[in-house]
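Undergrad: Once you've had a glance at the structure underneath, I'll fire off some questions.
The values are calculated or read from the model by the stated rules, or taken from the named source; none is laboratory data. This one's a predicted model, so the numbers in the text were calculated from it and none came from an experiment. Neighbour counts run over all protein chains shown; Cβ positions are idealised from the backbone, glycine included.
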Amino acid sequence: MGIYDEPHLQRGPANHAPLTPLSFLVRAAAVYPDKPAMIHGERLFTYAELLERCRRLASALRRRGIGQGDTVSVMAPNVPAMLEAHYGISMAGAVLNALNYRLDAKTIAFIFGHAETKLLITDREFSPTIKEALALAARKPIVVDIDDPLFEGGEKLGELDYEAFLATGDPADEWAMPDDEWQACSLNYTSGTTGNPKGVVYHHRGAFLNAVGDVMYFGLSSHAVYLWTLPMFHCNGWCYTWAVTAACGTHVCLRRIDPALIFALIERHGVTHLCGAPIVLNLLAHAPDSAKRRLDHPVKMMTGGAAPPSTIIANMERLGFTVAHGYGLTESYGPAMLCFEQDDWAALSLAERTALMARQGMEVATLAGARVVDPVSLRDVPADGAAIGEIVLRANTVMKGYLKNSAATEEAFAGGWFHTGDLAVRHANGYIEIKDRAKDIIISGGENVSSLEVEEALYKHPAVMEAAVVAQPDDKWGECPCAFVALKPGATATADDIVAFCRANLAHFKVPRAVVFGALPKTSTGKIQKYLLREQAKSLAP
Ligand code: ADP
């Protein structure tokens, strides 16, 4: 009898437990009951208190009849209730649906119906949108208001405040870990720039694993103080909602991106880690000097969600931040790849090193694989830094699928790989570099123009603060690059200056034909809304 066949070498309760991020909180409260778990303004909650509040939330939900498989939606900035929702809702066996607070009422009403939201926890700040969404919704959820003292104004819409709702629960009530790690734990809607958004379903196993990866790669320890500059609704805060707790670090809540407040909180609480889209880095780098503070301790910042131009990385380093760059999507629980820094990069010039760091990198250990392939044949493109293919992923940290949408799920998983829709090259050292989203690539005279490459050149212009490049229809070339540029405060430049600068730094067919100045439209997660710019470019076409 071989080692594989011995009947007693079996899976059982002693050697196999469903993976769930709920175990992180229980353990943190046992190991460090008195340690600061969560800070919000002047309020501090220890891990013992955080666990108690989450247990109360679970109990209160259960007592209202919310349980196994029910959806609880939360519309809130990064406040304690949003973090507690990440544990308390799962403890009740229910599924957390963290809403993107920049969505419009119609989309939110769609989500309430599609997700079959039973209960909604909502912050006063968003009551105008939620009121309208509730009026549109066919079935109204129970509404609980977050009455945050750090926000003034906004109407209460529900029958109960969040704190009063917690008081209806008993922390001594029984609750259970999920008995199956494949059970859904959260539901995140993609932004849906075309058509209705899709509901991405996460399971406990994936949430556990991606959080462990976060801890590993961001160097979180029990001394970590994590500032919530990334919205918790975005892929559950790239799973840091669970990761910081796994490390027994401290969560510092933050209602809005305000550079002066961010610098002040870094100083006051000794913040060691924060995350954000490149736009957040840019806001910090371009904050007025009166808002900036000298960092007196090491601070790591993870960026991702969009390609960070190398100048943005360089600016943050100048301020004293250590920057790391990750890549992922909602469907991969956030972080899936990381631009791992190699030791010999330290000897490179700042420009060379930040150019390498702007690549999306390679898979993290919690991912089974990332490839760049021909989307139909699934054959790998050569690692020559030139051939473009689609990034496909395979992992325990890829979503279960899209809620009530088998066709989209099958399409996304075609050939046994998750298709990201991102176009990239693979360099000789194995690192993957995104060139565009499939829909953003510009095809001029039959040649592919990567909008990211043109943007990278624009960001090097000393007057440019932000840049986005999209396709503009052109009779002769099919499409031409059109640049949208926001200048730094007080800086000046003409379209001719910008074009001349690009001509000196790019192949001529990649040079923008038109340059439009002004603020750039962005999504709640800081991504530039290229579809709006594409429409504008089209309307401006000669
Ligand atoms: P949305 O689809 O609403 O933008 P996601 O967070 O799911 O929300 O977006 C994932 C997409 O963001 C990826 O498919 C990719 O196009 C882009 N993205 C994420 N991280 C990076 C990165 N580091 N560099 C470039 N693009 C990125």
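Undergrad: So is residue 376 within 21 Å of residue 439 (Cα to Cα), at pLDDT below 95, surrounded by fewer than 23 Cβ atoms within 10 Å (Cβ to Cβ) and not aromatic (Phe, Trp, Tyr) or not? Working first, answer last.
TA: On the way: within 21 Å of residue 439 (Cα to Cα): yes; at pLDDT below 95: yes; surrounded by fewer than 23 Cβ atoms within 10 Å (Cβ to Cβ): yes; not aromatic (Phe, Trp, Tyr): yes.
So residue 376 passes the test.
Undergrad: For region 40-70, how many residues meet the condition of being free of Cβ contacts under 8 Å to residues at least 60 places away in the same chain and on the phi > 0 side of the Ramachandran plot?
TA: So the count comes out to 1.
Undergrad: Only one residue in 225, 212, 200 is β-branched (Val, Ile, Thr), within 16 Å of the ligand (Cβ to nearest atom) and either more than 22 Å from residue 280 (Cα to Cα) or touching a Gly at 6+ places or on another chain (Cβ under 9 Å) (or both). Which one? Walk me through it before giving the result.
TA: Numbers: 225 fails: within 16 Å of the ligand (Cβ to nearest atom); 212 fails: within 16 Å of the ligand (Cβ to nearest atom).
Just a single option satisfies the conditions, and that option is 200.
Undergrad: To continue, here is another question. Is there any pair with a first residue in region 293-313 that is within 16 Å of the ligand (Cβ to nearest atom) and a second that is outside any helix (DSSP H, G or I) and among the basic types (Lys, Arg) whose Cβ atoms are under 9 Å apart and which are 6 or more apart or on different chains, and what are they?
TA: What qualifies is 305/527; 306/527; 307/359; 309/460; 310/460; 311/460.
Undergrad: Related question: Here is a check on your reading of the model: is residue 479 among the acidic types (Asp, Glu), loosely packed, with under 14 Cβ neighbours inside 10 Å and not assigned by TED's automatic domain parsing to the domain that holds residue 386?
TA: no
Undergrad: Contact list please: Cβ distance under 6 Å, first residue in region 521-533 and closer than 14 Å to residue 233 by Cβ and modelled with pLDDT under 85, second residue of a type outside the set (A, V, I, L, M, F, W, C) and crowded, with 20+ Cβ neighbours inside 10 Å, pairs at least six apart or on different chains.
TA: What qualifies is 524/100; 525/234; 525/305.
Undergrad: Based on this model, can you work out whether residue 371 counts as more than 13 Å from the ligand (Cβ to nearest atom), over 28 Å from residue 460 (Cα atoms), charged (D, E, K, R) and under 24 Å from the mean Cα position of the chain (by Cα)?
TA: Values: more than 13 Å from the ligand (Cβ to nearest atom): yes; over 28 Å from residue 460 (Cα atoms): yes; charged (D, E, K, R): yes; under 24 Å from the mean Cα position of the chain (by Cα): yes.
Yes: the conditions hold for residue 371.
For (1) in a helix (DSSP H, G or I); (2) hydroxyl-bearing (Ser, Thr, Tyr); (3) surrounded by 18 or more Cβ atoms within 10 Å (Cβ to Cβ), each residue gets a yes or a no:
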site: 500; (1), (2), (3): yes, no, no
site: 504; (1), (2), (3): yes, no, no
site: 512; (1), (2), (3): no, no, yes
site: 515; (1), (2), (3): no, no, yes
site: 526; (1), (2), (3): no, no, yes
site: 539; (1), (2), (3): yes, yes, no
site: 542; (1), (2), (3): no, no, no
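Undergrad: Hey, does region 49-59 have a residue that's assigned to a strand (DSSP E or B) and either in the same structural domain as residue 235 (by TED's automatic domain parsing) or modelled with pLDDT of 95 or more (or both)? Walk me through how you get there before you give the answer.
TA: Filtering region 49-59 for residues assigned to a strand (DSSP E or B) gives none.
The answer is no; no qualifying residue exists.
Undergrad: Which of the residues belonging to region 76-110 are crowded, with 24+ Cβ neighbours inside 10 Å, of a type in the set (Val, Ile, Thr) and part of a helix (DSSP H, G or I)?
TA: Residues satisfying the conditions are 89, 108.
Undergrad: Of the numbered conditions (1) over 24 Å from residue 213 (Cβ atoms); (2) part of a strand (DSSP E or B), residue 404 satisfies every one except a single condition; which is it?
TA: (2)
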